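Enquirer: What follows is a structure written as structure tokens; I'll ask about it next.
Rule-based calculations on the coordinates, nothing more; no lab input. What you see is a predicted model; the values in this text were computed from it and never measured. With ideal geometry, Cβ positions are generated from the backbone for all residues, glycine too; neighbour counts draw on all protein chains shown.
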Amino acid sequence: MPTRPRYDQPGIEVRADGAVRVLTLNQPESLNAFTEDLHEQFVDVWSDIEADEECRAVVLTGAGRTFSAGGSYEDFEGRRVDPARRRRSLRLARRLADEMIEVAVPVVAAVNGPAVGLGCTVATLCDIVFMADGAWMADTHVSVALVAGDGGAVTWPAHTSLLRAKQYLLTGDRLGAQEAVELGLANFVVPGDELLAQATAFAHRLAAQPPQAVQETKAILNQHLRANAVRALGYGLATESQSHDTAEYAECSERLRPQD
């Protein structure tokens with residue numbers, strides 16, 4: 001009999017919709033920023049997906065008005081002052097990219113609001129991307145004195161041209177939903193109140209296809225991302241680690257410190 005795991009990650013809500021699993025980053029009070037705890041939970045949830053024999057596709061979205069604001073301030077500052085925490089966080093970043101590239105079933109992103117930094121990386125690691133018409137993406141690593149090493153340098157050149165990847169990764173400029181489609185970072189723009197329904201309906205289309213054919217075709221296509229990860233991810237994470245020791249990063253950390 002097919003088995004279904006417990007899905008007991010407190011920061012991620014998981015809802016079954018037939019053969020589709022709807023994963024919601026569920027920390028809206030912090031704009032679904034990737035605290036260390038949420039980062040760990042998000043990495044681990046893909047093992048639950050793999051163990052769920054009834055799952056044929058996933059929809060990934062965010063609770064509230066944001067898909068994900070990226071890294072949290074606590075993690076931002078913690079990486080600067082605590083090398084052990086920095087190493088742990090960057091190992092998680094490597095695992096996150098690997099898990100999303102390797103998960104067998106297709107993952108449909110429903111980008112309900114801003115997808116920033118790591119949130120942008122997560123969206124671009126998905127297989128199909130729906131965006132609400134008011135949503136936007138921005139990989140802001142360089143703008144906060146970080147190398148864009150934890151995934152953007154892997155996914156962006158695979159989805160768009162190298163020149164476009166350089167333009168946006170070096171500046172941190174925002175991409176509106178329609179621009180993201182035109183550049184190849186998203187597939188569909190839909191009204192915000194229809195986003196989840198349309199993304200879920202598309203996931204059901206994928207779930208209804210022959211599973212071996214879908215999953216192995218995805219695996220073949222993701223060889224391009226795997227090759228990019230092998231070439232770039234290790235170097236990217238090493239140089240991103242070095243970013244935390246720069247004076248510019250310290251200045252950004254101080255500037256982003258929450259006000260009392």
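Enquirer: Separation between the A238 and D82 pseudo-spin-labels, each 7 Å from Cα along Cα→Cβ, expressed in nm?
Expert: Label at A238, label at D82, 2.6 nm between them.
Enquirer: Along each of the three principal axes of the Cα atoms of the chain, give the extent in whole Å, ordering the values from largest to smallest.
Expert: Result, largest extent first: 54, 38, 37 Å.
Enquirer: With N denoting the number of residues in region 137-260, provide Rg(C-alpha) divided by 2.2 N^0.38 Å, to two decimal places.
Expert: 1.31
Enquirer: Among L175, L60, Q41, whose Cα lies farthest out toward the positive end of the dipole of the chain, if unit charges sit on the beta carbon of Lys, Arg (+1) and Asp, Glu (-1)?
Expert: Checking the options against the dipole of the chain, the answer is L175.
Enquirer: Tell me, in nm to one decimal, what length is gained between E13 and E216 on full extension, where the rule is 0.36 nm per residue of separation less the Cα-Cα distance?
Expert: Going from the current span to full extension adds 70.3 nm.
Enquirer: What does the charge add up to near V142, with Lys and Arg as +1, Asp and Glu as -1, over the other residues with Cβ less than 13 Å from its Cβ?
Expert: So the surrounding residues net to -4.
Enquirer: Taking amide hydrogens as modeled 1.01 Å from N in the peptide plane, which residues meet the under 5 Å criterion relative to G71, leaving out close sequence neighbours?
Expert: F34, L118, G119
Enquirer: Related question: What does the charge count around R79 come to, taking other residues whose C-beta lies under 11 Å from its C-beta (Lys +1, Arg +1, Asp -1, Glu -1)?
Expert: So the surrounding residues net to -2.
Enquirer: Sorted from largest down, give the three principal axis spans of the alpha carbons of region 99-204, whole angstrom values.
Expert: 39, 30, 22 Å, listed from the longest principal axis down.
Enquirer: Any chance you could list P(r) for region 38-142, counting all Cα-Cα pairs in 10 angstrom bins from zero, rounded to whole %?
Expert: Per 10 Å bin, starting at zero, the Cα-Cα P(r) for region 38-142 comes out as 14, 44, 33, 9, 0 percent.
Enquirer: Another question, if that's okay. For a quick check: sort C55, C252, C126, C120 by the number of other beta carbons within 10 angstrom, fewest at the front.
Expert: So the residues, fewest neighbours to most, are C252, C126, C55, C120.
Enquirer: For region 53-61, just list the computed ³J(HN,Hα) in residue order, Karplus coefficients 6.51, -1.76 and 1.60, θ = phi - 60°, integers in Hz, with x standing in for Gly and Pro.
Expert: 6, 8, 7, 10, 6, 10, 10, 10, 9
Enquirer: Kirkwood hydrodynamic radius of region 122-174 from all distinct Cα pairs, in Å?
Expert: After inverting the mean inverse Cα-Cα distance, the result is 11.6 Å.
Enquirer: Nearest 5 percent is fine: what portion of the DSSP beta bridges confined to the chain is antiparallel?
Expert: 30
Enquirer: Same structure, new question: In percent, what relative contact order does the chain have, based on Cα pairs under 8 Å that are 6 or more apart in sequence?
Expert: With pairs under 8 Å counted, the relative contact order is 20 percent.
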